[in-house]
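Taken together, the values in this text are just the output of simple stated rules run on the coordinates, not laboratory data. Predicted, not measured: the structure shown is a model, and the values here were computed from it. As a convention, Cβ positions derive from the backbone with ideal geometry for all residues, glycine included, and neighbour counts pool all protein chains shown.
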Amino acid sequence: MPIVIAAINGKGGAGKSTALMNIAGEYALRGKTVAMIDMDARSNLTRWWSDCREKDAQAEGIDVVGHKTAKALNGFLGRNGEGFDYILIDTPGEDTALVDPVIGWSDLVISPIQPSKREVLGAIDCFEAILRVNEARGRSCRHGVLKTRISLTVRYTELYRKIRPIIEDKVGTYLFRTEIMERNVYKDIQNGIGTLQMQDTTEAVAKARRETQNLVGEIDALLSGADGFGRTS
Ligand SMILES: Nc1ncnc2c1ncn2[C@@H]1O[C@H](COP(=O)(O)OP(=O)(O)OP(=O)(O)O)[C@@H](O)[C@H]1O
Ligand SMILES: [Mg+2]
């Protein structure tokens with residue numbers, strides 16, 4: 001059975017596609033097979049992948065396919081799901097009817113947020129949808145909120161300090177300990193130069209790699225149930 005991880009935040013630009021590219025790159029490096037499913041009509045992920053092909057920089061072990069409807073997703077996973085170790089589903093940055101069916105397939109949903117009120121609210125909406133789908137379908141999809149594009153100045157803001165109490169104490173979902181910092185290398189990989197893990201190891205790349213490894217370590221812990229957090233049922 002493949003492990004299915006989706007990135008959902010109904011508020012756009014939070015860092016969903018970038019997070020999935022980095023996670024995919026990490027699993028591929030470990031020799032796992034990864035299917036990335038681009039459900040966003042703007043096809044950012046699919047474009048990235050075709051840019052990578054032009055530069056001969058597609059990562060081994062990763063396949064990217066576009067499926068824009070729940071029906072197409074169901075069809076793909078029904079036919080091909082078993083052929084991959086990991087399925088990563090990228091969703092549009094808007095409120096969409098795709099959310100429930102995607103959650104229905106997922107073992108873990110990651111909601112990236114930049115410290116802004118609308119993105120925090122987007123992550124909370126996503127958690128509520130997970131609770132609803134888990135209840136309706138008897139599933140136990142996990143949820144984790146991922147702070148992204150963090151800078152040193154952001155860390156001094158009031159909202160930043162409130163994120164943990166809001167997400168963990170008030171809402172009751174998991175907040176990843178790993179934070180994804182604002183880094184140019186994360187932007188650079190969007191230009192079709194392959195995954196983060198394929199880049200020459202400059203100091204900046206090494207930092208991003210460590211961050212990603214920490215994130216994937218937390219994902220593995222969440223999925224193995226080693227951590228009490230992120231349980232939604
Ligand atoms: N950690 C980061 N550091 C610097 N830039 C980043 C980081 N994460 C994402 N970005 C940049 O921010 C922009 C939005 O990121 P991304 O496309 O991953 O978000 P998204 O949630 O998928 O957006 P959408 O909802 O539009 O699909 C992109 O230009 C990306 O390169
Ligand atoms: Mg995106």
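Here are the numbers:
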{"quantity": "Neighbour net charge for residue 42 - beta-carbon separation under 13 angstrom, K R +1, D E -1", "calculated": "-1"}
{"quantity": "Of 142, 118, 30, the one that fluctuates the most in a GNM where the chain has Cα springs shorter than 10 Å", "calculated": "30"}
{"quantity": "Percent of Cα-Cα distances greater than 26 Å, calculated over the chain", "calculated": "31"}
{"quantity": "Point-to-point label distance, residue 153-residue 47, nm (Cα→Cβ direction, 7 Å offset)", "calculated": "2.7"}
{"quantity": "Near-label residues of region 1-45 by backbone N, under 16 Å of a point 7 Å along Cα→Cβ of residue 132", "calculated": "8-11"}
{"quantity": "GNM top mover of 23, 166, 110 - the chain, alpha-carbon springs below 10 Å", "calculated": "166"}
{"quantity": "Table column - 3J(HN,Hα) (Hz), region 57-68, Karplus curve with 6.51, -1.76, 1.60, x for Gly and Pro", "calculated": "10, 6, 6, 5, x, 10, 10, 10, 10, x, 9, 9"}
{"quantity": "Potential extension, residue 96-residue 164 segment - 0.36 nm per residue separation minus Cα distance", "calculated": "21.8 nm"}
{"quantity": "Segment residue 202-residue 68, length gained on full extension (0.36 nm per residue, minus Cα span)", "calculated": "44.6 nm"}
{"quantity": "Whole-angstrom gap from region 153-198 to region 114-135, using each part's C-alpha centre", "calculated": "16"}
